[in-house]
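J.: Structure below; questions to follow.
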Amino acid sequence: MLDEIEEGTNRNRGSVPREHQVLYQFSARGHETAQIILGELLNGRHDGVGAYYRSRPLLLALGLRYDDAFGSPLGRAGGFSDGRDIGVVCNLPNRDGPIVLPMAGDVGSQYTPAAGWAQTITYHRDALNDASYAGSIAVATGGDGSVATNGFWSSLTIATTLNLPMLFYIEDNDLGISVRGDMQTPGGNIARNLASFTNLLVRDGNGCDPHETSALLQEAVAHVRGGNGPALVHLTVPRLSSHSGPDNQKGYRASSDIESDASRDPLPRLREYLVPAHMSDAAWSALEASVAAEVQVALEAARSRAMPDPATIAQFVFADEAPEVAEAFGGLTRAERAALGGTDVANEDGELLRFAEAIRRTLRHELTVNPKVVVFGEDVGRKGGVHLVSEGLQKQFGNARVFDTSLSEEGIIGRAVAMAIGGMMPVAEIQFRKYADPATEQLNNCGTMRWRTANRFAAPIVVRMPGGFGKDVGDPWHSVSDEVRFAHAYGWQVAMPSNAADAVGLLRAAMRGANPTIFFEHRSLLMTGDGSARYPGDDYVLPFGRARIVLSGADVTLVSWGAMVHRCTEAASSFGRQVELIDLRTIAPWDRACVLTSVTKTGRCLIVHEDNLTAGFGAEIAGTVAQEAFWYLDAPVERLAPRDIPMPYHPHLLAAVLPDVPEIVSRIEAILRV
Ligand SMILES: Cc1ncc(C[n+]2csc(CCOP(=O)(O)OP(=O)(O)O)c2C)c(N)n1
């Protein structure tokens, strides 16, 4: 409705001048009647919706307040995002009724989290025996353009292979922004093409006809609620406005086309359907008038809301644990995390374990003490992962808790996000670092979720990811490191342990924590005994941002992380007590204080890493040291890293790219000579 007012085309109240207070607008005119009929059917206690920017009528039907619907596009305090996100990108936390998962600006990104919500329903219902989840369903809504996205196909595979309670609701206005539906789907009708898709009820109809829309949606919702598997309903609707505020439809829509769409306006049809058969003309007019009055009051209320406060803008990139700050919707509750507890004092006499064994033992313990933990990914279940880290866990904990997924990283991360929102602790494995690429959109949206919803929602997931060079093997696919991308992304903790004990503590910190975490498992540590250490105990938790001084020394600070720590240790051993070696252990956050204290003592700094030299994380450390410890430096801050060359296959080539012990030694010697 706000969009109509902004566009000066309000059906009921004539023309209103533009004020340009709404900076971004997407109208749902033409889509609204069918959405509201859908909303009326979503009355399950734990129904959840993955929706998109044209979905506000659905949200209004699910309980969105009018003043929030107005206040958020006006960018005022409160609402979906406290002025941080565009007002059409919405969310609806609702602890006792349907929720709308946080939307995102990326078309198609709503689908895999919706599938994840469906799996969350089945997990609570079947594995946790929570009867309140019985009959609840997940719904994903999207336009005809969105069915061309990876997310749509990934979620369709997840829902149909797992027989999930999920409804796909496709509102087809035959336009993307300007691109026609037959460019998105051959023949232009996704329902027709999916008619033979296994395990999917498909229905197709006219979203302007209230009776037909209602009948199709009732049938599909009953099918999904009844435990019969997923369904897809495809409805044709007109787009009665331009795509968005700035779009004027010139060049791609003839006026005859716009007029023909206008003649399909579903609202007059709804009136024709209801009056006089179900209500009198006078009752309809009275309803219109009362809604218009209510809307006007809400608009005034929204306009009088405070502007958002710039002083709060840094809050909620990460969890704010202050007791007075409300808990977000998502993740383990504070009470659950407190009950799990933990200690940062390691048991010194634990059994000596290799890196992979230590991770497995930590996963096993957390699966035992926390029923909200699930572990999944490609080949993670029956095989135990291609690195065998989860070997035996499915046998011990069953298929609901440790499971294989379809081959879609977007699907793995998108589903993890919704599981976390649903209160679970998902531990997702990406088979190799490089194969996180297809999940980039979901990873980025997960990282910003708490901030962009102003702490209404959060998705603290743990993503385990082997990467880096292997034992005498490398290649551009299985040996990528590239950790800096996650340090650069918002809202992520990034762990890069160099040994089994740190891996235990950091993984447990992540699994009992409130922030999403990338957990790197270095391939050479998985394949060799290099990272072996004593098991530090079942409750050992190592806080993020706490570096370890591996060797104390007086003349040069050597900073590293991951497997390079072992090469640095060997190199440093030939310098006696001249070298102070710091293992960062985590790069987001990183222990600035430890590095700066060391450099102010030694006056020299060399950073060694496996990721690219250019804009690698070493550049961040070097910049910080140059700025914060400049007056203490006796030599330029140096970095040793691969010279922006992908990891090669042949061992000779790999050795030529990676920093090795002689190279580290000679760089230290050179620095000491300055
Ligand atoms: C991943 C991604 N690519 C491109 C865009 C830009 N974009 C925004 S809406 C849109 C068209 C979407 O069309 P459709 O799914 O049919 O939904 P409709 O707007 O018609 O309701 C495009 C290309 C985007 N937001 N996200």
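J.: In the stretch 470-492, how many are buried (at least 23 other Cβ atoms within 10 Å of the Cβ) and of a type in the set (Gly, Ala, Ser)?
T.: Adding up the residues that qualify gives 4.
Residue-by-condition table, conditions (1) of a type in the set (S, T, N, Q); (2) surrounded by fewer than 11 Cβ atoms within 10 Å (Cβ to Cβ); (3) not in a helix (DSSP H, G or I):
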{"position": "Glu259", "(1), (2), (3)": "no, yes, no"}
{"position": "Leu270", "(1), (2), (3)": "no, no, no"}
{"position": "Met279", "(1), (2), (3)": "no, no, yes"}
{"position": "Ala282", "(1), (2), (3)": "no, yes, no"}
{"position": "Ser285", "(1), (2), (3)": "yes, no, no"}
{"position": "Ala292", "(1), (2), (3)": "no, no, no"}
{"position": "Val295", "(1), (2), (3)": "no, no, no"}
{"position": "Leu299", "(1), (2), (3)": "no, no, no"}
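J.: Also: Can Gly48 be described as crowded, with 23+ Cβ neighbours inside 10 Å and closer than 20 Å to Ser146 by Cα?
T.: So Gly48 passes the test.
J.: Additional query: Six or more apart or on different chains, Cβ atoms under 6 Å: show the pairs whose first residue is in the stretch 289-303 and within 17 Å of Arg76 (Cβ to Cβ) and at pLDDT 95 or above and whose second is among the hydrophobic types (A, V, I, L, M, F, W, C) and crowded, with 16+ Cβ neighbours inside 10 Å.
T.: Once the first residue is within 17 Å of Arg76 (Cβ to Cβ) and at pLDDT 95 or above and sits in the stretch 289-303, its partners that are among the hydrophobic types (A, V, I, L, M, F, W, C) and crowded, with 16+ Cβ neighbours inside 10 Å give Val295/Met1; Ala298/Phe70; Leu299/Phe70; Ala302/Phe70; Ala302/Leu74.
J.: Applying the selection to the stretch 97-150, what residues are without any contact (Cβ under 8 Å) to a residue 40 or more places away in the chain, part of a loop (DSSP other than H, G, I, E, B) and surrounded by fewer than 19 Cβ atoms within 10 Å (Cβ to Cβ)?
T.: Asn129, Asp130, Ala134
J.: May I ask you to say which residue of Ala134, Ala148 is more than 13 Å from the ligand (Cβ to nearest atom), among the hydrophobic types (A, V, I, L, M, F, W, C) and at pLDDT 95 or above? Steps first, please.
T.: Details: Ala148 fails: more than 13 Å from the ligand (Cβ to nearest atom).
Just one listed residue meets the conditions, Ala134.
J.: For the stretch 167-183, name all the residues that are aliphatic (A, V, I, L, M), assigned to a strand (DSSP E or B) and more than 7 Å from the ligand (Cβ to nearest atom). Break it down stepwise before answering.
T.: Pass one, the stretch 167-183, residues aliphatic (A, V, I, L, M): 167, 170, 175, 177, 179, 183.
Subsequent filtering for residues that are assigned to a strand (DSSP E or B) retains 167, 170, 175.
Of everything in the stretch 167-183, those that are aliphatic (A, V, I, L, M), assigned to a strand (DSSP E or B) and more than 7 Å from the ligand (Cβ to nearest atom) turn out to be Leu167, Ile170.
J.: Would you mind listing the helices (runs of 4 or more DSSP H) fully within the stretch 544-640 where at least 2 residues are touching a Cys at 6+ places or on another chain (Cβ under 6 Å)? Outline the logic, then answer.
T.: Working: elements: 564-572, 592-602, 617-628.
Counting at least 2 such residues, we get no helices (runs of 4 or more DSSP H) at all.
Condition check ((1) closer than 29 Å to Gly331 by Cβ; (2) within 16 Å of the ligand (Cβ to nearest atom); (3) under 18 Å from the mean Cα position of the chain (by Cα)) across all residues:
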| position | (1), (2), (3) |
| --- | --- |
| Ser109 | yes, yes, yes |
| Ala115 | yes, no, yes |
| Gln119 | yes, no, yes |
| Tyr123 | yes, no, no |
| Gly143 | no, yes, no |
| Phe152 | yes, yes, yes |
| Pro165 | yes, no, no |
| Thr185 | no, yes, no |
| Gly188 | no, yes, no |
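J.: Could I ask something else about it? Considering only the stretch 190-227, how many residues are in a loop (DSSP other than H, G, I, E, B) and touching a Phe, Trp or Tyr at 6+ places or on another chain (Cβ under 7 Å)? Explain how you work it out, then say what you get.
T.: Restricting attention to the stretch 190-227, the residues satisfying the condition of being in a loop (DSSP other than H, G, I, E, B) are 194-200, 207-209, 226-227.
Still in the running and touching a Phe, Trp or Tyr at 6+ places or on another chain (Cβ under 7 Å): none.
Looking only at that region, the number is 0.
J.: For the stretch 540-550, which residues satisfy the criterion of being out of contact with any Ser or Thr (no Cβ under 7 Å at 6 or more places or on another chain) and buried (at least 17 other Cβ atoms within 10 Å of the Cβ)?
T.: Going through the stretch 540-550, the residues out of contact with any Ser or Thr (no Cβ under 7 Å at 6 or more places or on another chain) turn out to be 542-543, 546-549.
If the condition is that a residue be out of contact with any Ser or Thr (no Cβ under 7 Å at 6 or more places or on another chain) and buried (at least 17 other Cβ atoms within 10 Å of the Cβ), then Leu542, Arg546, Ala547, Arg548 are the ones that fit.
The values are calculated or read from the model by the stated rules, or taken from the named source; none is laboratory data. In this text, all values refer to a predicted model and were calculated from it rather than measured experimentally. In this analysis, Cβ positions are derived from the backbone assuming ideal geometry, glycine residues included, and neighbour counts consider all displayed protein chains.
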